[in-house]
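*Asks:* Take this structure, written in structure tokens, and hold onto it; I'll ask about it next.
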Amino acid sequence: MSVIFDRFDVFAGGFWLTLQICVLAATGALILGAVVAVLRISPVPPLRAVGTAYVTVFRNMPLTLVMFFSAFALPALGSNADFLRIPLLDLLFTRLGTDLPYFRFALIALVLYTAAFVCEALRSGVNAVSAGQAEAARSLGMTFTQNLRYVVLPQSWKASVVPLGSVIIAMIKNSALIGFFGVVGDLSQTADQLTSAEGLAFVPVAIGVSIGYLIMTVPLGALLDRIERRQAVAAR
Amino acid sequence: MADEALIVLENVNKWFGPLHVLQDVNLSVARGEVVVVIGPSGSGKSTLCRAINRLEPISSGTITFDGQPLPAEGRALAKLRSEVGMVFQSFNLFAHKSILQNVMLGPLKVRKEKPAAVKERAMSLLDRVGIASQADKFPAQLSGGQQQRVAIARALAMQPKALLFDEPTSALDPEMVGEVLDVMTSLARDGMTMVVVTHEMGFARHAANRVVFMADGQLVEQNTPEEFFANPTSERARDFLSKILTH
């Protein structure tokens, strides 16, 4: 077990990189997922179709394949995802700005995949608001956007937050795949490096890596439990 | 009379799948008129009421409001709906907003009126329906009858040309029905154009200008309340009245 302390810098570096991609991917997925959710509940049939098609594709495809497409199809199309080299943001998240595009490719795949689940979590919240609320808003003359903004979304948030949290926890765990798609130095790839390249025993390394993920996911889960308990009390 | 018509339905049909819930309905409501729609459950009267502001789109026929045919979904329809108030069976007050905010939301966001003026009007409307002292409470803290009176104030805050009531007292405890009907009766006296779907025969008798009887998706009979209750002409209406008036 001493490997965790002896090579603490390697574990800490891996933790930091995984945390970075998770923060970025969660932010991106929440934004994109919200957009897709609005499409899916829109009164305009073509927009609804686009939203539904998006969810059908990305919810039903293995993340590994989304990663493959991102890592191989984007370069084939001549893109290094340079639009993600966002000024200032790349100072904090240094991998966004590097010439090697694999971090950006992995980020795109994680965002695209997770957004489908974010969309469905948000939509389940919207569906939890009784139809009469939206009808009353329409009968006052509110437009679709006003209806969402002033009546439906403020009430849907409560029912969305717990499923959303589960989606983000799943995303953190899914990020373990990125090491197989060229990203060097995240938490999972750290294990590969220490065991395959340096010959260290697998189990202690794997325990160190597991602790890294648990540090991210357990507090998030505990926070969700708290929110859920508070809502249960409020509902009484 | 014809040019005074505010709401006109012509040959309106509505299908829910194979179910023909409105069958060639023709109805004209004049400005200032109070029309009460009665009939057995499933006769299509709620659908008729909801069709007037297109909460329920119709399958064929035309509905005109204030001389304009109902527009398709979009901004024009939203504008029309802002001129037709609606009161629902289940109140549908915005659960996350206070009573006062419920009444103010429409004028503030739909009409973009000044908050101070809206607040003054909202308070005077709440006063009129007898809820002014509860303005800062939330809907769940009020009784059903109080909630429904707030819903009426919310509809009135938009200064509508007509009000639609979809079974406004059907979800209320019997002791609270009276307070809601009192408010509706006073609106009727003040000349508000109203279409009221209800099972309250007392209200139909004393507040309606006209009673419309529906059964099986058809508009079977319409008459003044005096005539309708004394001498129903159709067998269907006689049967319906004999069932509800013997208790």
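*Asks:* With each label point set 7 Å from Cα along the Cα-Cβ vector, what nm distance links B:ALA72 and A:ALA12?
*Replies:* Spacing of the two 7 Å Cα→Cβ label points: 6.3 nm.
*Asks:* Also, I was wondering about something else. Under a point spin-label approximation (7 Å from Cα along Cα-to-Cβ), what is the A:LEU214-A:ALA201 distance to one decimal in nm?
*Replies:* 1.8 nm
*Asks:* Report, in degrees rounded to the nearest 10, the 0 to 90 angle that the Cα long axis of helix A:8-41 makes with the longest principal axis of chain A.
*Replies:* 20 degrees
*Asks:* Separation of region B:85-116 and region A:38-92 by C-alpha centroid, Å?
*Replies:* Their Cα centres are 39 Å away from one another.
*Asks:* Another one. Using alpha carbons only, how many degrees (0 to 90, rounded to 10) separate the axis of helix A:153-174 from the longest principal axis of chain A?
*Replies:* Approximately 20 degrees, to the nearest ten.
*Asks:* Determine the calculated [θ] at 222 nm for chain A from helices alone, applying -39500 (n - 2.57) to every DSSP H run no shorter than 4 residues and normalising by the residue count; nearest 500 deg cm²/dmol.
*Replies:* Dividing the helical sum by the residues of chain A leaves -23000 deg cm²/dmol.
*Asks:* Let me ask something additional. Write down the radius of gyration of region A:148-208 and its Dmax, each obtained from C-alpha positions, in Å.
*Replies:* Cα radius of gyration and Dmax of region A:148-208 are 18.8, 59 Å respectively.
*Asks:* Quote to one decimal, in nm, the extra length available between A:ILE31 and A:ASN127 on full extension: 0.36 nm per residue of separation minus the C-alpha distance between them.
*Replies:* 32.6 nm
*Asks:* Continuing with this model, one more query. In angstroms, what radius of gyration and Dmax does the protein assembly as shown have, counting Cα atoms only?
*Replies:* 30.2, 100
*Asks:* Could I ask something else about it? Given a cut-off of 28 Å, name the pairs among B:LYS14/B:LYS161; A:LYS158/B:LYS161; B:LYS112/B:LYS137; B:LYS114/B:LYS161; B:LYS109/B:LYS137; B:LYS45/B:LYS112 whose C-alpha atoms lie farther apart than that in the structure shown.
*Replies:* Correct reply: A:LYS158/B:LYS161; B:LYS45/B:LYS112.
*Asks:* Using only the alpha carbons of chain A, determine the length spanned along each of the three principal axes and report them from longest to shortest in whole angstroms.
*Replies:* 69, 49, 34
*Asks:* Determine the dipole magnitude for chain A: charges of +1 sit on the beta-carbon of Lys and Arg, -1 on that of Asp and Glu, nothing else is charged, the reference point is the Cα centre, and the result goes in debye to the nearest 20.
*Replies:* Using Cβ point charges on Lys, Arg, Asp and Glu, chain A gives about 1040 debye.
*Asks:* Over region B:1-51, what lengths in whole Å, largest first, do the semi-axes of the equivalent ellipsoid take, defined as the square roots of 5 times the eigenvalues of the alpha-carbon gyration tensor?
*Replies:* 23, 13, 7
*Asks:* Still on this structure, I have one more. Note down the magnitude of the dipole of region A:43-112 about its Cα centre, charges +1 on Lys and Arg C-beta and -1 on Asp and Glu C-beta and zero elsewhere, to the nearest 20 debye.
*Replies:* 220 debye
*Asks:* Same structure again: Could you work out the equivalent-ellipsoid semi-axes for region B:121-177, taking the square root of 5 times each eigenvalue of the Cα gyration tensor, largest first, in whole Å?
*Replies:* Ellipsoid half-lengths, sorted descending, are 18, 16, 8 Å.
*Asks:* Could you size up the charge dipole of region B:1-96 around its Cα centre, putting +1 on the beta carbon of Lys and Arg and -1 on that of Asp and Glu, and report it in debye to the nearest 20?
*Replies:* Dipole about the Cα centre, nearest 20: 340 debye.
*Asks:* Okay, next question. Place +1 on the Cβ of every Lys and Arg and -1 on the Cβ of every Asp and Glu in region B:5-243, take the dipole about the Cα centre, and give the residue among B:PRO225, B:ASN53, B:SER28 whose Cα lies farthest towards its positive end.
*Replies:* Toward the positive end, the furthest listed residue is B:ASN53.
*Asks:* Ok, one more. Would you mind checking region A:173-196 for residues with the amide N under 20 Å from a putative spin-label position 7 Å along Cα→C-beta of A:MET61?
*Replies:* The answer is A:174-183, whose backbone nitrogens lie closer than 20 Å to the label point.
*Asks:* Quick check: pseudo-label points 7 Å beyond the Cα along Cα→Cβ at B:THR62 and B:ASP190, how many nm apart are they?
*Replies:* Each label point lies 7 Å from its Cα, and together they span 3.3 nm.
*Asks:* Evaluated at 25 °C with a viscosity of 0.890 mPa s, what Stokes-Einstein diffusion coefficient in µm²/s does chain B have when Rh comes from the Kirkwood expression over alpha-carbon pairs?
*Replies:* Taking Rh from Cα pairs, D becomes 132 µm²/s.
*Asks:* Tell me what chain B gives for mean residue ellipticity at 222 nm when only DSSP H runs of n ≥ 4 count, each as -39,500 (n - 2.57), the sum divided by the residue total, rounded to 500 deg cm²/dmol.
*Replies:* Rounded to the nearest 500, it is -10500 deg cm²/dmol.
*Asks:* Considering only DSSP beta bridges with both partners in chain B, what is the antiparallel share in %, to the nearest 5?
*Replies:* Looking only at bridges with both residues in chain B, the antiparallel portion is about 55 percent.
*Asks:* Report the one residue of B:ALA208, B:PRO18, B:ALA76 whose Cα lies farthest in the direction of the positive end of the charge dipole of chain B (charges on C-beta: Lys and Arg +1, Asp and Glu -1; origin at the Cα centre).
*Replies:* Toward the positive end, the furthest listed residue is B:ALA76.
Quick note: the coordinates plus some simple rules give every number you see, no bench work behind them. None of the values given here were measured: they were computed from a predicted structure. Methodologically, a virtual Cβ is constructed for each residue, glycine included, from the backbone with ideal geometry; neighbour enumeration extends over all protein chains shown.
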